[in-house]
């Protein structure tokens, strides 16, 4: 009798269980961004703090840059804010912001109370600029190389762990090979 | 007392009318049917927004969801249709921003071969198992028939 055949269902179960187990540790909210490796989408928006000025994608070129999409209604943004402040103080990389579907008054108040880590902040109340960046949940943080190519995108609050693991090595690689 | 009651009633009615108006308002905002020029455009619109996944609320389509992003994507879809863009162009616009994930009908390409091929593979596997089992039974049928005969 070919007794090994009776093991087949158990084997099939184990394979399926393996997939499910792996699935437990995947974040279904993370949608792979089609922007990675592509030029950063162009936007030209009002500067949040200086409405007479504009902030455009081109302003971020020349150095590695980080663009952080945030809003005052977003809990994760509040959570990551102290880290952004720390990052700005370290001067490791210029930090830019995009204020997403928010109100100017509330956003300015937030920056005044919690500190302002951004070199420039785009004011995007209608979500027109962020739409081109495929933003669908804030906070989202993009890493750009000096030529303005999107190198990495992080979804969710930024913190030291993610920074060490995903951002710092990529920034080091850019600085290792200047353009 | 009666006056108070009447006042209360009037207030309630006004409130009701207010709610009704607000609802009518949001329904108008949700269904931009009036803005299409031909029924064919409306049909394309409905099909498109039902084929697009809302990336924020992942188990709803853009048609079903009421989050800001879905509303914007509906507006963009409508505007693009009115501007005479093709369905392929609209889908391209969406995938440029959100990737294939935004499509409920993913395109056939190397990374999705397994996805599209899985039903055929499973069907073939089933067929192989079935043929082998039936074949074996057929081969044993002589013995089986005798055994059964003895039992009954």
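Look at region A:154-179 and say how many of its residues are under 15 Å from residue A:97 (Cα atoms) and surrounded by 21 or more Cβ atoms within 10 Å (Cβ to Cβ).
Residues flagged as under 15 Å from residue A:97 (Cα atoms) and surrounded by 21 or more Cβ atoms within 10 Å (Cβ to Cβ) within region A:154-179 amount to 2.
Considering only region B:61-84, state which residues are more than 12 Å from chain A (Cβ to nearest Cβ) and closer than 21 Å to residue A:133 by Cα. Let's see the steps before the verdict.
Going residue by residue through region B:61-84, those that are more than 12 Å from chain A (Cβ to nearest Cβ) are B:61, B:63-64, B:66, B:74, B:77-84.
The answer is B:61, B:66, B:74, B:77, B:78, B:79, B:80.
Collect the residues in region A:138-151 that are surrounded by fewer than 19 Cβ atoms within 10 Å (Cβ to Cβ) and in contact with a helix residue (DSSP H, G or I) (Cβ under 9 Å, 6 or more places away or on another chain), keeping them in residue-number order. If you could, list the steps in order and put the result at the bottom.
First, the residues of region A:138-151 that are surrounded by fewer than 19 Cβ atoms within 10 Å (Cβ to Cβ): A:146-149.
Once the filter is applied, which keeps residues that are surrounded by fewer than 19 Cβ atoms within 10 Å (Cβ to Cβ) and in contact with a helix residue (DSSP H, G or I) (Cβ under 9 Å, 6 or more places away or on another chain), region A:138-151 yields A:146, A:148.
Within region A:130-162, can you find the residues that are free of Cβ contacts under 8 Å to residues at least 12 places away in the same chain and within 14 Å of chain B (Cβ to nearest Cβ)? Give the steps one after another, and end with the answer.
Let us first name the residues in region A:130-162 that are free of Cβ contacts under 8 Å to residues at least 12 places away in the same chain, namely A:131, A:161-162.
Hit for region A:130-162 is A:131, nothing else.
Being assigned to a loop (DSSP other than H, G, I, E, B), touching a strand residue (DSSP E or B) at 6+ places or on another chain (Cβ under 8 Å) and surrounded by fewer than 17 Cβ atoms within 10 Å (Cβ to Cβ) is the filter here; which residues of region A:77-123 pass it?
A:119
Could you list all residues from region A:101-129 that are within 14 Å of chain B (Cβ to nearest Cβ) and over 17 Å from residue A:78 (Cβ atoms)?
Pass one, region A:101-129, residues within 14 Å of chain B (Cβ to nearest Cβ): A:101-103, A:124-129.
Those that are within 14 Å of chain B (Cβ to nearest Cβ) and over 17 Å from residue A:78 (Cβ atoms): A:124, A:125, A:126, A:127, A:128, A:129.
When you go through (1) at pLDDT 90 or above; (2) within 14 Å of chain B (Cβ to nearest Cβ); (3) more than 20 Å from residue A:163 (Cβ to Cβ) one by one for residue A:76, which number turns out not to apply?
Here residue A:76 clears every test but (3).
Against the definition (under 17 Å from the mean Cα position of the chain (by Cα) and outside any strand (DSSP E or B)), how does residue A:150 come out, yes or no? Let's see the steps before the verdict.
Numbers: under 17 Å from the mean Cα position of the chain (by Cα): yes; outside any strand (DSSP E or B): no.
The answer is no for residue A:150.
When residue A:13 is evaluated against the numbered criteria (1) surrounded by 10 or more Cβ atoms within 10 Å (Cβ to Cβ); (2) within 14 Å of chain B (Cβ to nearest Cβ); (3) at pLDDT 85 or above, which criterion, by number, is the only one it fails?
Exception for residue A:13: condition (2).
The values are calculated or read from the model by the stated rules, or taken from the named source; none is laboratory data. This one's a predicted model, so the numbers in the text were calculated from it and none came from an experiment. When we count neighbours, we look across all protein chains shown, and the Cβ atoms used for this are built from the backbone with ideal geometry, even at glycine.
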